[in-house]
1. Rounded, prolate or oblate, given the Cα gyration tensor of the range 22-72, with a/c below 1.5 counting as rounded?
2. List the relative contact order of the range 22-72 as a percent without decimals, with contacts defined as Cα pairs under 8 Å and 6+ residues apart.
Amino acid sequence: MAKAVKKPLKKGLDGRAEEHGKISRKHGNTRIDTLRKTYGEHFAAGRRGDMHLATLLKETGSESLHEYLRHHHKG
């Protein structure tokens, strides 16, 4: 019996993995300090690390992490 060959995941938007043509999304309960590991210590400067992504998006009027990065994050 042949084994199914698993393709390696392609890097998607913002370095997130892409599987089956869809980009994985960060959940609203992702903490800012976790996102700083990916986007740098200056991500969401002035905000606590235990803040959740959903709160950050609400405070900044952003619909998604991608939108926040485009409009508020200077990488």
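1. On the way: a/c = 1.33, a/b = 1.18, b/c = 1.13.
Because its axes are fairly even, with a/c under 1.5, the range 22-72 counts as rounded.
2. On the way: 42 pairs, mean separation 17.6, N = 51.
The normalised contact order for the range 22-72 reaches 35 percent.
Values quoted throughout were computed directly from the atomic coordinates according to the rules given, and no laboratory measurement underlies them. Worth saying up front: this structure is predicted, and the values here are computed from it rather than measured.
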